Structures are given as structure tokens and as C-alpha cells.
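A quick write-up on the structure given underneath.
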Amino acid sequence: MPELRSRWQRTLCPYCGVGCGLLVRVEDGAVTRVKGDPDHPANFGDVCAKAVHLPPALRTPDRLLHPEVRSRCDRERRRVPWELALRFTAERLSEIIAAHGADAVAVYASGQLTTEEYYLASKLTRGFIGTNNFDTNSRLCMASAAAGYARSLGSDGPPTAYADIDEADCFFLIGTNTADCHPITFKRIRKRKLAAPDRVTVIVADPRWTETADLADLHLPLRPGSDVALLNGMLHVLWKSGLVDDAFISRCTTGWPELTRALDRCPPERAAEITGLSAEIIVEAARRFGRARAALTLWSMGVNQSHAGTDKNGAILNLHLAAGQIGRPGAGPFSLTGQPNAMGGRETGGLSHLLPGYRRVTEAAERADVERHWGLTPGTLHDRPGLSALEIFERAAGGEVRALWIIATNPAASMPELDLVEKALRQAELVIVQDAYHPTETTRFADVLLPAAQWPEKDGVMTNSERRLTYLPKLVDPPGEALPDSVIVTRLAAELGFKHAFAYGSTGEIFAEFAALTAGRPCDYSGVSHARLTSAGPLQWPVPTADHGGTPRLYTDARFPTTDGRARFIAVEPDDPVEQPDDTFPLILTTGRVRDHWHTLTRTANAPALVARTPEPILEVHPSDARRAGVSDGDFVEITSRRGKAVAQCRVALTIREGTCFLPFHWGRRFGFYKSANNLTLAARDPISKQPELKACAVRLRRVAEVGA
Ligand code: SF4
């Protein structure tokens with residue numbers, strides 16, 4: 001039946017948190033074309049180049065096709081049947097747990113997983129293996145936003161929707177190069193701006209002049225890491241100019257008097273000293289924000305990847321609460337997630353201090369809910385947060401964590417301080433890597449390699465940045481012996497002796513079990529099912545009943561999920577990045593993404609058109625810094641930090657603030673040891689969110705003859 005072998009089918013983009021709906025052409029069992037789904041409310045038919053060039057990235061020579069195991073680290077891995085691989089893995093895990101306790105095991109997963117897969121891995125690790133050492137690469141991405149929302153508003157969860165872009169008359173983009181990293185969201189902002197250029201203001205705070213900044217009425221090239229000073233300075237102006245919403249502050253918040261004492265220390269002149277901006281531009285930005293009918297602040301890793309990321313989020317939320325810019329059409333704080341299902345991960349307990357449904361491991365009643373749901377004896381779940389991502393690898397390097405199970409992520413390329421991560425992977429007694437691709441920087445350390453299906457070889461649900469759940473159907477079969485991650489987790493759970501708790505007939509059953517656990521929680525989607533998403537389309541949570549139509553924006557009643565129903569102002573103070581420039585390392589390096597690549601290149605390096613557009617990492621340097629370092633445009637430059645070196649060709653341009661340089665992080669060591677920006681970055685982290693400071697480390701530059709010279 002040719003019409004069945006060749007047709008367009010609806011699904012979701014597997015790349016970023018914008019969560020664009022796609023139409024995928026499947027011909028003779030393979031994806032041949034991808035285009036935007038005109039009916040999906042995240043993108044209305046638009047897509048970026050990464051999605052269009054998905055087909056060549058799926059069936060590639062580096063797909064992992066069969067399980068492989070090595071019984072000792074000095075042996076070669078060899079192909080084995082699934083049964084043997086899972087039995088070996090279960091036996092080794094059981095031995096390590098028996099000898100050293102469950103906390104000697106740690107699981108590190110990914111926002112590439114579906115909600116069902118996240119939920120199962122979290123359930124197995126916390127409820128049955130018996131450790132809270134379950135963390136994900138959301139820790140590198142959105143942990144500070146999650147912590148910031150919870151601290152100020154009482155719960156994680158962006159309160160806004162993409163529909164707010166069409167209503168806002170002031171966009172404040174801070175720490176986000178939206179044009180490159182969330183291109184379809186940016187196109188929507190640009191459309192709004194260009195439709196009413198005089199009525200709509202765009203303010204961009206970024207040390208770099210990017211395509212995002214090119215749209216701005218005001219570009220604020222602040223010093224890296226000085227966001228709190230800028231935000232406090234702006235809020236000082238609002239406060240002193242009578243542009244705060246006194247009624248909202250008194251009726252809906254706590255902590256304003258304490259915050260004003262911190263603001264007193266940060267007038268615009270002081271904010272100007274710290275940020276390197278003029279006081280005048282800070283005042284102008286504040287006035288434009290304060291006079292807006294509806295202001296939308298968007299941010300991403302530039303804010304979150306910081307040792308003060310939670311405070312930076314707190315400062316953004318302070319600004320919105322003080323101005324009453326929340327819970328109304330077009331108004332609100334809107335964090336942009338990185339991975340396609342980073343939000344689903346947070347909802348299912350994908351950070352080591354969380355349990356499913358935004359519950360905390362530290363709360364007895366919340367643990368009890370989950371224990372009941374999972375049929376566990378009361379007191380089974382641990383009350384101490386598990387290890388966060390960086391801690392997992394530090395403890396493994398120190399010998400305390402002995403078994404690492406890594407699912408759908410590549411920490412040997414994406415983490416800071418790669419020497420330490422590699423040491424951890426060499427040192428661990430058991431390294432299990434479950435991935436669709438091999439080799440990656442991480443798979444080469446594996447004792448056990450488990451081949452995983454990827455998009456669109458499995459089905460499940462993902463949540464995008466605006467809390468919208470979309471069902472992704474299975475459209476093609478996985479290659480070789482690859483299996484969906486949910487199947488791998490349930491089969492391993494059975495080998496470990498927990499078959500009774502992991503006996504599911506379908507992913508729909510797994511979803512139903514998790515969705516029921518969200519009932520009554522802020523992220524309640526107990527009214528959602530696979531069948532409903534398939535027939536009615538994507539929905540924004542909360543969706544508490546089967547006839548509820550979803551919730552575009554939160555807090556429309558100005559009630560917050562805190563004990564007193566009020567949002568909390570947090571008195572945050574400016575704090576410099578951990579590493580400051582000095583005579584030896586005179587520049588601050590900031591790292592980030594480019595438009596044509598995704599994370600550690602496992603997919604996009606397989607798409608020739610994307611590689612052709614951006615074949616290599618390029619270092620961006622200000623002309624004055626280049627002159628002082630003796631480098632010219634096009635030179636190969638050695639970049640040295642206190643931890644290591646990288647080499648890249650440089651672009652000398654006025655597009656970056658003097659004293660700052662930029663290097664994309666996508667290229668790991670398998671592309672050439674010195675191409676990796678994470679040779680340079682440091683493991684300093686936020687004390688609350690535990691998110692690493694990937695956006696600022698001190699470096700020096702030196703011209704070299706060629707790569708690796
Ligand atoms: S913007 Fe993100 S979700 Fe949308 S098509 Fe591009 S990569 Fe995919």
C-alpha cells in the first residue's frame with residue numbers, strides 16, 4: 001500500500017525546548033523529509049535548519065546497533081545478546097550495592113528522554129535501587145530557573161506562553177541569544193516588533209552583539225556575570241520613579257521592605273560601575289520596561305549557568321513582581337529551556353532533590369505520596385537530596401560513586417573540567433552508557449553499551465518551554481537491536497528483581513501512572529492521556545481533568561503556591577563571577593551555542609548541510625584584546641585557562657565587549673582534543689541550584705601556527 005509507505009505524520013522536534021511541531025515524511029520505513037506543522041501552536045509551520053536537516057542525522061554509520069560488554073576494564077568490549085548485557089549489568093550493580101550501599105550508584109540522564117522514560121528511570125533509581133543520586137543534564141541547563149521559580153513563586157514552572165509574545169509591548173532578553181538558540185521563538189518576537197516598531201520595545205542585555213541584539217532598541221553589553229546589578233539598578237529606577245505596582249506588592253507579595261534595602265545599595269550609578277554600562281542606558285531600559293503595558297522577560301543559559309544563577313533568576317522575578325508584570329496577557333518572566341523535554345524532566349523528578357510532580361525529597365508528606373503510588377513501604381524513599389551532576393562526577397573521581405549509568409547524554413563533552421570527568425569515568429568500577437550513537441566522548445569509557453532508539457523510533461510525551469505537552473508517535477523502527485529507553489529501563493528493573501513494579505503494557509500506561517501522580521500538584525496533568533493528546537493535540541498544563549482545556553498562563557488570580565499564597569521578593573546582591581581577569585588571564589571567556597549545531601554534535605555533525613555552514617568552532621575576540629594578544633582575524637589562537645587549553649581560529653570583531661571572548665562548546669575532544677571549550681571551563685557552581693558557571697572563566701590568548709601547535 002504505497003499511501004501507507006509514504007505519508008506525512010505529526011510529531012515534535014527533538015532538538016530544543018521551543019518544542020516545534022513537525023510534519024515528517026516517512027518513506028519505506030525511513031524519515032526522508034521534515035517540515036513545520038502549521039497547526040502546532042509553538043511554531044505554526046515554521047522550523048529552523050536543524051529540524052529540516054534531521055533525516056541524514058538518523059540512520060548513520062555511528063548508530064549503536066548492538067549491546068556490548070567488557071567484563072574487565074583492561075579487556076575489549078564485545079557484542080553480546082541483550083539478555084546477557086542486562087544480566088551482567090544487573091549483577092554488577094547488585095554486587096556494588098551489596099558491598100558499598102545504594103549511594104555508590106549514580107544515574108545521569110537527559111532532557112532528550114521522553115517523560116515516560118524520565119519517570120521510569122527516576123522510579124527505578126529512587127524507589128527500587130534506593131538512592132536519590134538521579135540527576136540530569138537539566139542541571140547544566142535550567143536548574144537555576146527551576147530553583148528561582150520555586151524560591152520566589154512557590155513552584156517551578158514558567159508562568160507564560162508563546163501567545164504572550166503576540167501581546168507584549170516590551171521584550172527584555174537577558175542572557176539569551178534567542179536568534180541562534182531558540183530561533184522560532186525569536187522569529188515570533190521579530191514579527192511582533194516589525195509589525196509595530198514604535199509601540200514595541202526590545203531590550204537585549206548580552207556582552208555580545210548577536211542577531212538577537214540586532215533587533216534591539218537598546219543593547220546593553222554588560223560585563224559577563226553582572227546581571228543582578230543591572231536588574232537591581234533597573235528595579236531601583238522603577239521604585240524611585242513610581243513605576244512599581246504598589247497594590248500588587250502589598251496584596252500579593254512579601255519581602256518588599258527587605259528588597260528595597262538591597263536596592264538602596266544599587267542605584268543606577270552603582271549598577272553602571274558594576275556592569276560597565278552607562279547609568280543613562282540603565283535608566284532608559286528601566287523606564288521602557290516600567291512603562292510597558294505588558295513586559296515579557298526571556299532568558300536562558302546566560303543567566304542560569306552561573307555560580308549566582310538562582311539569584312539572577314530571583315532578580316528577574318523581583319522586577320516582574322514589583323511591576324505587577326505577571327499573570328496577564330503579554331506579561332511575565334519566561335525562561336527558555338534548552339533540551340526538548342527539560343521541562344518534562346523537572347516534572348518527573350529529574351533533579352536529585354526532586355520527586356515526581358514537583359515534590360521534594362526533603363518533605364515527608366511528599367515522599368509518602370510517592371511511596372503510596374509506587375507501592376513502597378513507608379520510609380523507603382530517602383530524605384536527603386542525591387548528588388547533583390557535578391557532584392556525581394567528583395565523587396566518582398574520588399572513588400565514592402562506583403557505578404555510573406549514563407542515559408542519552410554525553411558528559412565527557414558537555415561538563416566543565418573535562419579532565420575530572422574523564423578521571424571519574426576511568427575510575428568507576430562500572431560505567432553503563434545507554435545511547436543511540438557510538439562513539440561519543442562518553443561511550444569510549446563504557447563497560448556496558450546499551451543501544452537506544454531515538455526520535456522518531458519510539459513514542460512518548462515531551463513538555464516544551466511553555467508547559468505544552470505534545471505526543472510523539474513512533475514513526476520508524478529503530479536500527480539493529482536498539483530499544484526504546486523505557487524498554488531498557490523496565491528490562492533492567494526486572495533483572496534487578498523489580499519486575500512487579502515495572503510491568504507495563506505500553507508507554508500510555510507509564511504516562512497514565514505518572515500523570516495520576518501529578519494530581520493536585522502545580523504541574524497537574526492528570527487530565528491528559530496519550531489518547532487525548534493524539535486526538536485533541538498539544539495541551540498546556542495544568543490540565544487537571546479530562547475535560548479541562550489546558551492553561552495558557554499561570555497566576556492569573558495573583559495567588560501563588562506558597563504557604564500564604566503570596567510571591568516572595570528575594571533581596572539579592574550583585575556578585576562577580578568566581579574567576580576575575582588578572583595579569584596572567586586578562587580576558588573572560590564565555591561559552592555558548594551556534595545556530596546550526598546542537599549540544600555535543602552527535603546528531604548535527606551527521607548533517608552535511610549544517611556542518612558545511614558551521615564546520616569549526618570560532619573564537620570571537622574584540623579588536624583591542626586581539627591587538628594586545630598579538631592575534632589577527634583568521635589566526636589560530638591558543639586559549640588557556642587555569643584548567644587547560646583549547647585552540648580555535650579567531651574572528652576579530654566589534655561584536656563582543658572588550659575584555660570578553662566567546663567560544664562555542666559543541667565540539668568535544670573526539671573532534672580534536674583542543675577543540676573543546678570545556679577544557680577551559682570551571683566547576684564553580686550555584687549553592688542552591690548547583691548549576692555550573694559555564695559562562696565565565698578567565699583566559700589568555702596566544703597566536704599559534706595551526707590547530708594543536
Ligand atoms: S527552534 Fe528548536 S524546536 Fe523549533 S525547529 Fe528549531 S531546533 Fe526544533
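Miscellaneous remarks
- Rg over Rh for the stretch 110-162 works out to 1.04, using Cα positions for both radii and the Kirkwood form for Rh.
- Of the two radii for the stretch 473-626, the radius of gyration is 1.10 times the Kirkwood radius, both from the alpha carbons; that is the Rg over Rh value.
- Of the residues A150, L619, S526, the one whose Cα sits farthest towards the positive end of the charge dipole of the chain is L619 (charges of +1 on Lys and Arg Cβ, -1 on Asp and Glu Cβ, taken about the Cα centre).
- Hull volume per residue, based on the alpha-carbon atoms of the stretch 587-704 and their convex hull, is 109 Å³.
- Distance in nm between pseudo-label sites at Q9 and D419 (7 Å out along the Cβ direction from Cα): 4.9 nm
- Unit charges at the beta carbon, dipole of the chain: most positive-side option, I570, F393, A368: F393
- For R261 and D214, a Förster radius of 25 Å and the Cβ-Cβ distance give a FRET efficiency of 0.05, rounded to the nearest 0.05.
- With θ taken as phi - 60° and the Karplus curve 6.51 cos²θ - 1.76 cosθ + 1.60 applied, the whole-hertz 3J(HN,Hα) list for the stretch 571-580 is 7, 9, 10, x, 8, 5, x, 4, 9, 9 Hz, x standing for glycine and proline.
- Per-residue extension of 0.36 nm, minus the Cα-Cα distance of F673 and R559, leaves a gain of 35.9 nm for this segment.
- Sites A196 and L654 - FRET efficiency at Förster radius 25 Å, r taken between beta-carbons, to 0.05: 0.25
- Computed Rg/Rh of the stretch 86-199, alpha carbon atoms with Kirkwood Rh: 1.17
- Between P207, H438, A49, the Cα set farthest toward the positive side of the dipole of the chain (charges on each charged residue's Cβ, about the Cα centre) is that of A49.
- Cβ crowding within 10 Å, taken as a proxy for footprinting-reagent exposure, orders T115, T337 from fewest neighbours to most as T115, T337.
- Taking 7 Å steps out from each Cα toward its Cβ at E167 and A294 produces label points 0.4 nm apart.
- Here the extension length gained between D583 and K474 equals 33.7 nm, from 0.36 nm per residue of separation less the Cα-Cα distance.
- Cα convex hull, the stretch 253-327: 112 Å³ per residue, rounded to a whole number.
- Kyte-Doolittle at least 0.0, axis length at least 24 Å by Cα - qualifying DSSP helices, the chain: 82-100
- Residue ranges 568-581, 22-35 sort as 568-581, 22-35 when ordered by packing (mean number of other C-beta atoms within 10 Å per residue, highest first).
- Charged-residue dipole, Cβ positions (Lys, Arg, Asp, Glu), the stretch 164-315 about Cα centre, Debye nearest 20: 180 debye
- In plain terms, if you count all Cα to Cα distances in the stretch 236-370 and split them into 10 Å steps from zero, the share in each step is 11, 31, 33, 19, 5, 0 percent.
- Computed extension length for E363-A99: 92.1 nm, one decimal, from 0.36 nm per residue of separation with the Cα-Cα distance subtracted.
- Kirkwood hydrodynamic radius of the stretch 125-267, Cα pairs, Å: 17.9 Å
- Semi-axes of the equivalent ellipsoid for the stretch 2-57, computed as √(5λ) from the eigenvalues of its C-alpha gyration tensor and ordered from largest down, come to 20, 13, 7 Å.
- For the stretch 307-396, the Cα gyration tensor yields ellipsoid semi-axes of 30, 18, 13 Å (square root of five times each eigenvalue, largest first, whole Å).
- Equivalent ellipsoid of the stretch 371-466: semi-axes from √(5λ) of the C-alpha gyration tensor, largest first, are 25, 22, 14 Å.
- Computed helical MRE - 222 nm, the chain, DSSP H runs ≥ 4 contributing -39500 (n - 2.57), nearest 500: -8500 deg cm²/dmol
- For the stretch 207-258, the extents of the C-alpha atoms along the principal axes are 40, 21, 19 Å, listed from largest to smallest.
- 12 Å reach of a label modelled at R79, 7 Å along Cα-to-Cβ, counting backbone N of the stretch 460-492: 480-482
- Coordinate range of the alpha-carbon atoms in the stretch 1-153 per principal axis, descending: 55, 50, 27 Å.
- Taking every alpha-carbon pair in the stretch 543-636 and binning the separations at 10 Å intervals from zero gives 10, 20, 19, 22, 19, 9, 1 percent.
- Burial ranking of peptide ranges 672-679, 68-75 (average Cβ count within 10 Å, highest at the top): 672-679, 68-75
- DSSP bridge pairs, the chain: antiparallel proportion in percent, nearest 5: 50 percent
- The stretch 74-224 - charge dipole about Cα centre, Lys and Arg +1 at Cβ, Asp and Glu -1, debye rounded to 20: 240 debye
- Assigned charges on the beta-carbon of Lys, Arg, Asp, Glu; the chain dipole about Cα centre (debye): 640 debye
- Computed over the chain, the P(r) curve from all C-alpha pair distances, binned at 10 Å from the origin, holds 3, 15, 27, 28, 19, 7, 1, 0 percent per bin.
Quick note: the coordinates plus some simple rules give every number you see, no bench work behind them. Given the structure is predicted, the values throughout are model-derived calculations rather than measurements. All Cβ positions, even for glycine, are placed from backbone atoms using ideal geometry, and neighbour counts span all protein chains on display.
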